[in-house]
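The values are calculated or read from the model by the stated rules, or taken from the named source; none is laboratory data. Predicted, not measured: the structure shown is a model, and the values here were computed from it. Please note: Cβ atoms are built from the backbone with ideal geometry, for glycine as well, and neighbour counts cover all protein chains shown. Note: areas computed on protein heavy atoms with side chains; ligands, DNA, RNA excluded. Shrake-Rupley method; radii C 1.70, N 1.55, O 1.52, S 1.80 Å.
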Amino acid sequence: MSEHHDSSSFNEAADSTDKRGVSNILVDEKVRNDSSKDFELRDKLRVTKSLVIRKSELMAKQYDSWYLRGVFLFSVFICSFAYGLDSSIRSVYMTYAMNSYSTHSLISTVSVITLMISAVAQVFFAGLSDVFGRLSLFLVSIVLYIVGTVIQSQAYDVQRYAAGCVFYYVGLVGSMLQVVLILSDNSSLKWRLLYTLIPSMPAIITTWVSGTVVTAANPLENWSWNIAMWAFIFPLCCLPLIGCMIHMRLKVRNDPEWKALLNEKSYYQSHGLVQTLVQLFWKLDIIGVLLLVASVGCILVPLTLAGGVSTRWRNAKIIAPFVLGFLLLPFFIYWENKLALVPFAPFKLLRDRGVWAPLAIMFFICFVYQMAAGYLYSILLVAIDESTTSATRIMNLYSFVAAVIAPFLGFFAAKSARLKPYIIFGGALYFVTMALFYEYRSGVDSGRGIIGGMVVWGIGSCLFDYPTIVSIQSVTSHENMATVTALTYTTFRLGGAVAAAISGAIWTQSLYPKLLQNIEDPGLAAAAYGSPLTFILDYPWGTPVRTAM
């Protein structure tokens, strides 16, 4: 990543804030290189998009006192605390749900599907939020979150659970993206890193609370109700943030600029419903998104299904979608490069190294996480003999460490106006983390090594992940910020989907044969493979079968 992109632009924006003496937290973010004009998309809804952004800026100006900013940031904290705690324990509940269906190995399959859907949802929510506004899409996200949670809680097989996961993750990523965009709208580039870190702060609490919650909830028997309760807990925690947005709207209603904006016509008001739907079809690049989902999904999902108790690589149901996925990939590239009017992956944008380099980093951040942590909870319980409390806390320990380091990073980055040193040092710590995970992978004493790895990972994650996001935002205008932010998180989740498929392929292809070799009983090996969390209740730590397992 060039020095110009990660340092100079950040510095210029920071300097501009100081020179103008702006009293509020918003600055004109067009103090970047002129090449940003080349990134403008052929978007007929840009008039509406500009209108929404200007309204967001005027609303943000209403919270110009430290008291109101504090209330706003605390509301964001409450909201992010809710979805953060839910996310940290729902991944544990999914393990128990798959275990109850005797399909534990399909954790990776469900992860691939949900990560793919999440990646697509980022694109849709980013595009729609620039047309319909942040608050409207935030409310839609909450509804989808509730629907998915209810379906998951009532599912009695893996297919229905996966369907619930689709709605839940669409609602989750929509809520998370809207929170990030709302924070970005209400911050200057100088302080954006600190604001962006607010949603990570609840991890300081959730890391320790999550283990206690899981143990008290007894998920082996009550995972269904444990999921269902979030259908009303999360919406309640969102009310303060919704209240702040409504309050901003009420305060700004008498502003002359706001009244002038109300007189401007949106694309829908000037062209009607049909033309608006047509433009939304192109703006959301529905064909490109479908091609991407079909291509990547057909390649990745078979990798997680072909193994198990018996291999199925010769089955046409596995081979056909695998081949189809590779055939669709060039069509997706051609569509995005030549035919899409508003591509969700703009090639003009991607040619700038200040954009493609952070995108590559984000891909591998989630790739590494999913490869290392996809089955980690089961490994902690089965191979290291951790309790449900300690296993859940260990799973979330890196988030806790990142949240502790985050405020200091935010202030240092704001003062130094440099991001590259943090990114390089954070990336180097990933090597240390993976070395610790490789060294400590089984046995009672391995728990300490994994805890150490999680601590190092948390430090590296904080120094690596968040500055990368701000770095890519620093080379784009406010007009393209939502597009780039969505593309960043889409790439992030695609990396996770690829990793989930690879880790699932390794797990399904190699675990059962090894269990059969060690246990030497096909029935016991199949039970250990299908429902390991139930199996270990009958074969506690120290028994020959558990040792072989």
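Here is how the numbers come out for the structure above:
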{"read-out": "Residues satisfying the stated conditions in the stretch 424-451, i.e. out of contact with any Phe, Trp or Tyr (no Cβ under 6 Å at 6 or more places or on another chain) and either closer than 30 Å to ALA357 by Cβ or not assigned by the TED database to the domain that holds LEU380 (or both)", "value": "ILE424, PHE425, ALA428, LEU429, TYR430, PHE431, VAL432, MET434, ALA435, LEU436, PHE437, TYR438"}
{"read-out": "Selection from the stretch 492-504 of residues that are at pLDDT 85 or above and open to solvent by 10 Å² or more (accessible area, probe 1.4 Å)", "value": "PHE492, LEU494, VAL498, ILE502, SER503"}
{"read-out": "Of all residues making up the stretch 368-393, the number that are under 24 Å from ASN99 (Cα atoms) and part of a helix (DSSP H, G or I)", "value": "18"}
{"read-out": "Total residues in the stretch 446-455, condition touching a Ser or Thr at 6+ places or on another chain (Cβ under 9 Å) and buried (at least 20 other Cβ atoms within 10 Å of the Cβ)", "value": "2"}
{"read-out": "Filter result for PHE124 (assigned by the TED database to the domain that holds TYR83, hydrophobic (A, V, I, L, M, F, W, C), surrounded by fewer than 21 Cβ atoms within 10 Å (Cβ to Cβ) and under 20 Å from ASP285 (Cα atoms))", "value": "no"}
{"read-out": "Criterion: polar (S, T, N, Q) and closer than 12 Å to ASP86 by Cα - qualifying residue of SER187, SER210, SER200, SER224", "value": "SER210"}
{"read-out": "Tally of residues being of a type in the set (A, V, I, L, M) and either at pLDDT below 85 or under 19 Å from the mean Cα position of the chain (by Cα) (or both) across the stretch 383-402", "value": "4"}
{"read-out": "Pick from the stretch 284-305, criterion open to solvent by 20 Å² or more (accessible area, probe 1.4 Å) and at pLDDT below 80, ranking: nearest to the chain's Cα centre (by Cα)", "value": "LEU303"}
{"read-out": "Per-region count, the stretch 127-164, residues open to solvent by 20 Å² or more (accessible area, probe 1.4 Å), among the hydrophobic types (A, V, I, L, M, F, W, C) and within 19 Å of CYS238 (Cβ to Cβ)", "value": "10"}
{"read-out": "The stretch 330-363, residues that are crowded, with 17+ Cβ neighbours inside 10 Å and in a helix (DSSP H, G or I)", "value": "PHE332, TRP335, GLU336, LEU349, GLY354, VAL355, ALA357, PRO358, LEU359, ILE361, MET362, PHE363"}
{"read-out": "Filtered residues of the stretch 532-549 (kept if over 35 Å from the mean Cα position of the chain (by Cα), β-branched (Val, Ile, Thr) and not in a loop (DSSP other than H, G, I, E, B))", "value": "VAL545, THR547"}
{"read-out": "Sole residue being of a type outside the set (Lys, Arg), part of a helix (DSSP H, G or I), more than 30 Å from LEU137 (Cα to Cα) and free of Cβ contacts under 8 Å to residues at least 40 places away in the same chain, chosen from VAL404, VAL456", "value": "VAL456"}
{"read-out": "Selection count where residues are hydroxyl-bearing (Ser, Thr, Tyr) and open to solvent by less than 40 Å² (accessible area, probe 1.4 Å), scope the stretch 240-275", "value": "2"}
{"read-out": "Of all residues making up the stretch 415-438, the number that are in contact with a helix residue (DSSP H, G or I) (Cβ under 6 Å, 6 or more places away or on another chain) and either open to solvent by less than 60 Å² (accessible area, probe 1.4 Å) or within 16 Å of LEU376 (Cα to Cα) (or both)", "value": "12"}
{"read-out": "Matching entry among TYR489, TYR512 (being open to solvent by 10 Å² or more (accessible area, probe 1.4 Å), in the same structural domain as GLN370 (by the TED database), among the aromatic types (Phe, Trp, Tyr) and at pLDDT 80 or above)", "value": "TYR512"}
{"read-out": "Any chance VAL278 is within 34 Å of the chain's Cα centre (by Cα) and either at pLDDT below 80 or open to solvent by 20 Å² or more (accessible area, probe 1.4 Å) (or both)", "value": "yes"}
